[in-house]
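Where a number appears in this text, it was derived from the coordinates with a stated rule and is not lab data. Keep in mind it's a predicted model, so treat the numbers as computed, not measured. Ideal geometry is used to build each Cβ from the backbone, glycine not excepted, and the neighbour counts take in all protein chains shown.
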Amino acid sequence: MKKIQTQGVHHITLVGANRQTSIDFWEGVMGMPFIFEQPNLDVPAESHLYFDPGDGRLITIFTNEERKPDPSRNPEGIGNLHHIAFTVSRAVYTQIAKRLDERGIKHSGEVDRGFMYSIYFRDPLGQLLECASYKFEPPVGYTHADVLYEAHTIRVARGDHHIDDAHLADAIEAMVARNQRTLSDDRTAKDPYTDRPPLWG
């Protein structure tokens, strides 16, 4: 028996309403370029729209001009999609609430998740979305998942409730120590400020 080894998300497909609602939201609000369109190969009456969420992968939407937008919250029962999270830079993240407010789109406001900042809102069809900004950059040669695995190990060893800044900082330090060479015999933390003045200025 063998696993089916995945190597990333290829694409996510949502059931949309009419074509223009999808274009106006995914490109006009979320900034995802509308890269191509073709018929839904399984349902000829539908169109299949493709958007680039920023990493070259795909968000795709099935649209049908007979369907009207329904903003009712999508069901969040067992087996249903809860939300989709998209990566944004910190600079973009700080602007999201204002830009949603300008459109009258309700949102959660900033949420500190310990290892990232999040903001939640719904698309015009009631699907919950998240824009997330990591608090850290991984060391060269590592991924965000690598840092989070390391931070989790540190958190559990300390008996802490959830990953926070200290776990991330210590994880990054440990990963750099393992991965990057040094000419020093002793690379432990030091305090070179033995004769610091009473006031800094």
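What is the dipole size for the chain, taken about its Cα centre, with +1 at each Lys and Arg Cβ and -1 at each Asp and Glu Cβ, in debye to the nearest 20?
My answer is approximately 200 debye.
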(request) Exposed loop chymotrypsin sites (Phe, Trp or Tyr not before Pro) only (DSSP loop, at most 10 other Cβ atoms within 10 Å): please give the longest stretch of the chain free of them, not including the sites. (result) 1-192
(request) Obtain the nm distance between the two label points defined at VAL156 and THR188 by a simple spin-label model: each point lies 7 Å from its Cα along the Cα-to-C-beta direction. (result) 2.7 nm
(message) Tell me which of HIS167, MET30, ILE12 sits at the most positive position along the dipole axis of the chain, charges placed on C-beta atoms (Lys, Arg +1; Asp, Glu -1).
(response) HIS167
(message) Among 161-167, 179-185, how do they line up by average Cβ neighbours within 10 Å per residue, starting with the highest?
(response) 161-167, 179-185
(request) Identify the trypsin sites (Lys or Arg not before Pro) of the stretch 10-68 meeting these criteria: DSSP loop state and at most 13 other C-beta atoms within 10 Å of the C-beta. (result) ARG57
(message) Compute the distance from the alpha-carbon center of the stretch 57-77 to that of the stretch 133-195, in whole Å.
(response) 41 Å
(message) Just to be sure I understand, if you calculate Rg and Dmax of the Cα atoms in Å for this structure, which of (1) 17.6, 53; (2) 17.3, 60; (3) 22.5, 78 do you get?
(response) (3)
(request) Under 10 Å from the Cβ of HIS82, count the other residues' Cβ atoms, weight Lys and Arg +1, Asp and Glu -1, and hand me the total. (result) -2
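With a ≥ b ≥ c taken as the square roots of the eigenvalues of the C-alpha gyration tensor of the stretch 80-135, please select rounded if a/c is under 1.5 and otherwise prolate if a/b is larger than b/c or oblate if it is not?
The shape class here is oblate.
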(message) Using only Cα atoms and rounding to the nearest 10 degrees, what angle (0 to 90) does helix 90-102 make with the longest principal axis of the chain?
(response) 40 degrees
(request) Using only Cα atoms, tell me the angle between helix 165-179 and the longest principal axis of the chain; keep it within 0 to 90° and round to the nearest 10. (result) 70 degrees
(request) Residues in the stretch 112-129, backbone N under 18 Å from the label point at ILE84 (7 Å along the Cα-to-beta-carbon vector): list them, ranges by number please. (result) 119-129
